[in-house]
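The values are calculated or read from the model by the stated rules, or taken from the named source; none is laboratory data. Here the structure is a predicted model, which is why all the values come from computation and not from measurement. Cβ coordinates were reconstructed from backbone atoms using ideal geometry, including for glycine residues, and neighbour counts include every protein chain displayed.
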Amino acid sequence: MDAVPEQMVAAGVARPRALPRWALLGAVFGLVSATSIALWGPIGVSGTYPRFIGALLRQLTPGYAGANTYLVKMGDFTRPETFLVLGLLIGGFAAARLSRARAPRVELIHRGQTSTLARYGSAFLGGFLIIFGARLAGGCTSGHIISGITQLSVSGLIFAAGVFASGIVTARVLQKGGR
């Protein structure tokens, strides 16, 4: 650590501390999120799935897709959220392929699971239920938490606190009784 010049100490002026990396990245994320909301509106990923189904149905059965009020309300597939989902998929795949580390073995943390296939099946079912619940609730965690907190929404802050609190409790319960 560099010594502070005696003149600065005598004048009561100290060198400012560098921001921690997490604070800098948090500020950048906040600015990008706020800019995204200002340009395109609140962003989330769960709406991409019904938009994809709607785009598919508009090609296969245009009459049904046009008469379905939910699909009409969800709108077109080419929205910023679509590119966010594609970026998440491509980024995850690229990171897995480019990583020097090997992926750890799949843990069988639930009682009764005896195979990797059962674990993947449970993960798929859980993911499906999360998407279904998110659409039923009118949005997903990224919409409610990220967009909500960025807009200083009280409901977004309360939802985020609830999600993290229930996640901590669930992890502790599974850690104690799940093995």
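Summary of computed values
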item	result
Residue under evaluation Ile37, criteria (1) more than 25 Å from Phe132 (Cβ to Cβ); (2) in contact with a Phe, Trp or Tyr (Cβ under 6 Å, 6 or more places away or on another chain), criterion not met	(2)
Matching residues, segment 20-40, being without any contact (Cβ under 8 Å) to a residue 40 or more places away in the chain, surrounded by 11 or more Cβ atoms within 10 Å (Cβ to Cβ) and under 28 Å from Leu71 (Cα atoms)	Thr35
Boolean, Ala55 is among the hydrophobic types (A, V, I, L, M, F, W, C), in a helix (DSSP H, G or I), touching a residue at least 24 places away in the same chain (Cβ under 8 Å) and not assigned by TED's automatic domain parsing to the domain that holds Gly148	no
Matching residues, segment 62-100, being without any contact (Cβ under 8 Å) to a residue 12 or more places away in the chain, over 28 Å from Ala38 (Cβ atoms) and in a loop (DSSP other than H, G, I, E, B)	Ser99, Arg100
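Table: residues versus (1) farther than 21 Å from Gly139 by Cα; (2) among the polar types (S, T, N, Q); (3) touching a Ser or Thr at 6+ places or on another chain (Cβ under 9 Å).
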| position | (1), (2), (3) |
| --- | --- |
| Ala34 | no, no, yes |
| Leu39 | no, no, no |
| Ile43 | no, no, yes |
| Thr48 | no, yes, yes |
| Arg58 | yes, no, no |
| Thr69 | no, yes, no |
| Gly75 | no, no, no |
